[in-house]
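**Q** Below you'll find the structure I mean.
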Amino acid sequence: MHEENPIIGKRGSRLAVSYPEIVKMQTEAIMTAAIEVKRETGNEPNISIMVPFVSSAREFANVRNTVEEAASGCFLAMGEEVDYSIGTMIETPRAAIIADKIAEKADFFSFGTNDLTELVYGFSREDTEPLIEEYLKKDLLDKNPFYTLDKNGVGSLIAMATNLGRKAKPKLKIGLCGDHGGDAETIEFCGKTEINYVSCSTLRIPGARLAAAQASIRASER
């Protein structure tokens, strides 16, 4: 496969729709490993399969069907089953806007803030660092939106999508991942928005835990 601009091109769910055999292979690998672990340890792994970069409910449903068919075939071949959930990463503005439709078919959400920020701003992290630095110096931006979540723009989309998702499915589990997951201000925003968890790189976990604890204390004092 080859394309000139793969950064925002045929990847994520788009690749899965075009080449379902990739999804089948990945699903079979996950389920086979899970069953082997269950047999060896007696404990069943907690399996969450996340479909990235969706733009429509039908697109997500298409990939979900591929996952479920591959999982069923694997269970039949191995003579054993394990529980699993299938959710999606909300990374495109359109997915955020129609989050209620996607939530009807998804078991959980996770906001992929790196890509969502790129698409909301029309910035590419690959080549806009000098431009962002210039904007910061000229007071055209308060902070680098790739380090601290833009609450007014990207954050508004996240809050809207969270509300829409939970209207369709009140107990929908929602997370946030990306570079923002280790940022203290973003973690506090997540608490206010009732996002269940954040995900970040291992190096940022201690800071993320501290920020989450501090945000919880401040919320209890209000």
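Values quoted throughout were computed directly from the atomic coordinates according to the rules given, and no laboratory measurement underlies them. These numbers were taken from a predicted model, which means no experiment stands behind them. Cβ sites come from the backbone with ideal geometry, for glycine too, and all protein chains shown count toward neighbours.
**Q** Ranked by Cβ crowding within 10 angstrom, fewest neighbours first, how are I102, I22, I132 ordered?
**A** In increasing order of surrounding Cβ atoms, one gets I22, I132, I102.
**Q** Expressed as a whole number of Å, what is the distance separating the alpha-carbon centroids of the stretch 47-80 and the stretch 122-151?
**A** 37 Å
**Q** Then there's this: On a full-extension model of 0.36 nm per residue, what is the gain between T32 and R209, subtracting their alpha-carbon distance, rounded to one decimal in nm?
**A** Gain in length upon complete extension: 60.4 nm.
**Q** Below 8 Å, C-alpha to C-alpha, sequence gap of six or more: please give me the relative contact order for the stretch 64-222 in percent.
**A** Dividing the mean separation by the residue count of the stretch 64-222 yields 22 percent.
**Q** Same structure, new question: Rounded to the nearest 0.05, what FRET efficiency do Y197 and E134 give with R0 = 25 Å and r taken as the Cβ-Cβ distance? Could you check?
**A** 0.10
**Q** How long are the semi-axes of the equivalent ellipsoid of the stretch 108-222, taking √(5λ) for every eigenvalue λ of the Cα gyration tensor, in whole Å from largest down?
**A** Those come to 24, 17, 13 Å.
**Q** Just in the stretch 102-165: which trypsin sites (Lys or Arg not before Pro) are loop by DSSP and have at most 11 other Cβ atoms within 10 Å?
**A** Loop-located and lightly packed - K138.
**Q** Hey, what do the phi angles of the stretch 108-124 turn into as Karplus ³J(HN,Hα) couplings, whole Hz, using 6.51/-1.76/1.60 and θ = phi - 60°, x for Gly and Pro?
**A** For the stretch 108-124, the Karplus curve yields 7, 10, 9, 7, x, 6, 4, 5, 4, 5, 4, 6, 6, 7, x, 9, 10 Hz.
**Q** Once you charge only the Cβ atoms, +1 for Lys and Arg and -1 for Asp and Glu, what is the size of the charge dipole of the stretch 1-86 about its Cα centre, to the nearest 20 debye?
**A** Its charge dipole is roughly 320 debye.
**Q** Modelling each spin label as a point 7 Å along the Cα-to-Cβ direction, I'd like the S85/D142 distance in nm, to one decimal.
**A** For the pair S85/D142, the computed spacing is 3.2 nm.
**Q** Across the chain, how large is the tail of the calculated P(r) beyond 28 Å, expressed as a percent of all Cα pairs?
**A** Roughly 38 percent, rounded to a whole number.
**Q** Let me ask another. For the stretch 1-83, report the translational diffusion coefficient in µm²/s to the nearest whole number, using Stokes-Einstein at 4 °C, 1.567 mPa s, and a Kirkwood Rh over Cα pairs.
**A** Result for D is 93 µm²/s.
**Q** Could you give the semi-axes, largest first, of the ellipsoid that matches the stretch 70-144, computed as the square roots of 5 times the alpha carbon gyration tensor eigenvalues and rounded to whole Å?
**A** For the stretch 70-144, the ellipsoid semi-axes come out as 40, 15, 9 Å.
**Q** Calculate the dipole size of the chain relative to its Cα centre from +1 charges on Lys and Arg beta carbons and -1 charges on Asp and Glu beta carbons; express the result in debye to the nearest 20.
**A** 740 debye
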